[in-house]
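Since the structure comes first, as structure tokens, the remarks are kept for the end.
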Amino acid sequence: MKLSPTLLGSALLLALAAPAAHAEIAIDVIGGSEMSLEGLVQADGNWFHNDVQDLNGPIGANGDNSEFSIRRAELVLKGKGPGNFEWVAGYDPSVLKEVTIRGTTIRSTGRFLDNNIKYKFAGNANNYLQVGQFKQPNSLEELSSTKNNDFVSKAAVTNTYGISRRLGVAYGMGDNDWSITASAFGRELTRNQAHGSGYGARGTWAPINESGNVLHFGLSYLGYDTDDDTLRLRARPDADLTTVRLIDSGAITNVDSVGVAGAEAMWITGPFKLQSEFFQENAKRIGNNANDYKSDGWYVSGVWNITGETWGYKAGVPTTPLPNAPASGMWQLAVRYDTLDLNDGHLVSNGTTPFVDGVLGGKMDVWTIGANWYWRSNFKFALDYAKVESTRYNSATRGLVDDNPSIIEARAQFYW
């Protein structure tokens, strides 16, 4: 995958034109709405040490075991007012990862981000009604700000079970220490992206919520219909530029509905942050000999701010601080273990030709270590190393195949 000259040029122009300020750029007040502009540009590089599969083939195969791309190029227009209303309109013209709809793989060249209107009851940001496209309430990592991800790639379980943005309506209530959010949603706004109506709910509680000392717990649930009664779960090896998935459930037919339950916990103490999430998916199937399909996964991660900064806490998610010393920046070290199991069946031998009873989508475990450098107010540089261990049934060999690659990931980021 090569860098688009147009996208790269646009990103550089934005970087040169934008003032060096952490906050959004104020534009004007129109119709009682204070308008501002935010942006995020991320350029990624992945270097692969392949084992069995070629992690950047066949779509991205270029004779090298590496890929480079503009990962995100987001522009977001925001408005506060009139009154207790807020609105946001965002778009990302960068290349999307491909999606498969009814057996056809489609690669899009742009996507809509948050595009919604929110009304805050009595001006309280914790008590609101939201209409439009927004992230659904089902994952701590997914709901946290993308520009402050602890790692270059989100955990495999987040990318697999986090439903991300959909068109819908949500109501939220709470205060600084607790929150409850409920939503009903339909398709994604971007053409040829996710379909299937559903609902979601998330509740959070922070029994300890002090400066530099936060203990957070959360529960969530998603229920949604599948597109064309078909479900397919698959995951990249914690590297966004790979063009293959090491584990893949395949197309599971006769799926009437899917439920995803999640549990989350986070502890912040001074310059340390520890967080973990667990997800369990249950696909209800209809028809003769159509057994329900279940899968699950979890991760645990830890981050140390070497330079001493701590995190804030707002609306049930952590907030990343500015560097204490902008000239030298904020340095972080991070480690994560995540595991995803898409198996719900077994291999039957009995002295005959082996066959699969159920679904053998595979199991993947990934260790990731990384370092982040936040420089001044608008720049971030990240470097990760991921070691992958995966096992999946291969229909050609009629047996299990281990695939254990490693990946180096780098990101340069500019945001305002």
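The values are calculated or read from the model by the stated rules, or taken from the named source; none is laboratory data. Computed from a predicted structure; not experimentally measured. Please note: Cβ atoms are built from the backbone with ideal geometry, for glycine as well, and neighbour counts cover all protein chains shown.
For the subset of the stretch 240-250 comprising residues that are modelled with pLDDT under 95 and among the aliphatic types (A, V, I, L, M), which member is nearest to GLN53 (Cα to Cα)?
Here the residue is VAL244.
Would a scan of the stretch 309-324 turn up a residue that is over 30 Å from GLY203 (Cβ atoms) and surrounded by 15 or more Cβ atoms within 10 Å (Cβ to Cβ)?
Yes, that holds for at least one residue.
Does at least one position in the stretch 367-384 carry a residue that is touching a residue at least 24 places away in the same chain (Cβ under 8 Å) and under 20 Å from ASP248 (Cβ atoms)?
Kept after step one, since they are touching a residue at least 24 places away in the same chain (Cβ under 8 Å), are these residues of the stretch 367-384: 367-384.
If we keep only those that are under 20 Å from ASP248 (Cβ atoms) as well, we get none.
For the stretch 367-384, residues touching a residue at least 24 places away in the same chain (Cβ under 8 Å) and under 20 Å from ASP248 (Cβ atoms): absent.
Provide a single number: the residues in the stretch 144-160 that are touching a helix residue (DSSP H, G or I) at 6+ places or on another chain (Cβ under 6 Å) and either buried (at least 24 other Cβ atoms within 10 Å of the Cβ) or of a type in the set (Val, Ile, Thr) (or both). Before the answer, list the steps.
Start the filter on the stretch 144-160 by keeping residues that are touching a helix residue (DSSP H, G or I) at 6+ places or on another chain (Cβ under 6 Å), which leaves 154, 158.
This time we only want the ones that are either buried (at least 24 other Cβ atoms within 10 Å of the Cβ) or of a type in the set (Val, Ile, Thr) (or both), so: 158.
Qualifying residue count for the region: 1.
Out of (1) among the polar types (S, T, N, Q); (2) modelled with pLDDT of 75 or more; (3) out of contact with any His (no Cβ under 9 Å at 6 or more places or on another chain); (4) more than 23 Å from ASN149 (Cα to Cα), what's the single condition that is false for ASN65?
(3) is the only condition that ASN65 fails.
Residue pairs, Cβ under 6 Å, 6 or more apart or interchain, first in the stretch 72-89 and under 21 Å from VAL169 (Cβ atoms) and without any contact (Cβ under 8 Å) to a residue 60 or more places away in the chain, second aromatic (Phe, Trp, Tyr) and in a strand (DSSP E or B). List them.
So the pair list comes out as GLY79/TRP87; ASN84/TYR119; PHE85/TYR119.
Considering only residues that are among the small types (Gly, Ala, Ser) and either in contact with a Phe, Trp or Tyr (Cβ under 9 Å, 6 or more places away or on another chain) or under 23 Å from LEU113 (Cα atoms) (or both), which ones fall in the stretch 63-89? I'd like the intermediate steps shown before the answer.
First, the residues of the stretch 63-89 that are among the small types (Gly, Ala, Ser): 63, 66, 69, 73, 79, 81, 83, 89.
Listed by number, the residues that qualify are SER66, SER69, ALA73, GLY79, GLY81, GLY83, ALA89.
Can you tell me which of ARG234, ARG191, ARG202 is among the basic types (Lys, Arg) and at pLDDT below 95? Give the derivation first.
Values: ARG234 fails: at pLDDT below 95; ARG202 fails: at pLDDT below 95.
Going through ARG234, ARG191, ARG202 in turn, just one is among the basic types (Lys, Arg) and at pLDDT below 95: ARG191.
Within the stretch 71-141, considering only strands (runs of 3 or more DSSP E) that don't extend past its boundaries, which have at least 1 residues that are modelled with pLDDT of 95 or more and out of contact with any Asp or Glu (no Cβ under 6 Å at 6 or more places or on another chain)?
On the way: elements: 85-92, 99-101, 104-106, 111-120, 128-135.
Strands (runs of 3 or more DSSP E) meeting the threshold: 85-92, 111-120, 128-135.
For a quick check of your reading: which strands (runs of 3 or more DSSP E) sit entirely within the stretch 205-324 and have at least 2 residues that are within 23 Å of GLU389 (Cα to Cα)? Before you say what the answer is, go through the steps one by one.
Values: elements: 213-225, 255-269, 272-285, 293-305, 312-314, 317-319.
Ranges flagged: 272-285, 293-305.
With the checklist (1) closer than 30 Å to GLY172 by Cβ; (2) part of a strand (DSSP E or B) in hand, flag the one item GLY362 doesn't pass.
GLY362 satisfies every listed condition except (1).
Only one of (1) over 30 Å from LYS284 (Cα atoms); (2) charged (D, E, K, R); (3) in contact with a Phe, Trp or Tyr (Cβ under 8 Å, 6 or more places away or on another chain) is not met by ASP338, so which one is it?
(1)
In the stretch 141-162, is there at least one residue being within 30 Å of ALA371 (Cα to Cα), over 12 Å from the mean Cα position of the chain (by Cα) and of a type in the set (Phe, Trp, Tyr)?
No, there is no match, as no residue in the stretch 141-162 is within 30 Å of ALA371 (Cα to Cα), over 12 Å from the mean Cα position of the chain (by Cα) and of a type in the set (Phe, Trp, Tyr).
Can you give me the number of residues within the stretch 325-358 that are part of a strand (DSSP E or B) and over 25 Å from ASP292 (Cα atoms)? Quick ask: steps written out before the conclusion?
Initial filter on the stretch 325-358 (part of a strand (DSSP E or B)): 330-348, 355-358.
Pick out the ones that are also over 25 Å from ASP292 (Cα atoms) and you get 330-337.
Here the count works out to 8.
Of all the strands (runs of 3 or more DSSP E) wholly in the stretch 373-416, which have at least 3 residues that are under 20 Å from the mean Cα position of the chain (by Cα), at pLDDT 95 or above and surrounded by 22 or more Cβ atoms within 10 Å (Cβ to Cβ)?
Values: elements: 379-394, 399-403, 406-415.
It comes to 379-394, 406-415.
Per-residue answers, yes or no, for (1) in a strand (DSSP E or B); (2) touching a strand residue (DSSP E or B) at 6+ places or on another chain (Cβ under 7 Å); (3) basic (Lys, Arg):
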site	(1), (2), (3)
ARG166	yes, yes, yes
ASN176	no, yes, no
ALA182	yes, yes, no
GLU188	no, yes, no
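For the stretch 234-268, enumerate the residues that are surrounded by fewer than 17 Cβ atoms within 10 Å (Cβ to Cβ) and touching a Ser or Thr at 6+ places or on another chain (Cβ under 6 Å).
The answer is ALA251, THR253, ALA265.
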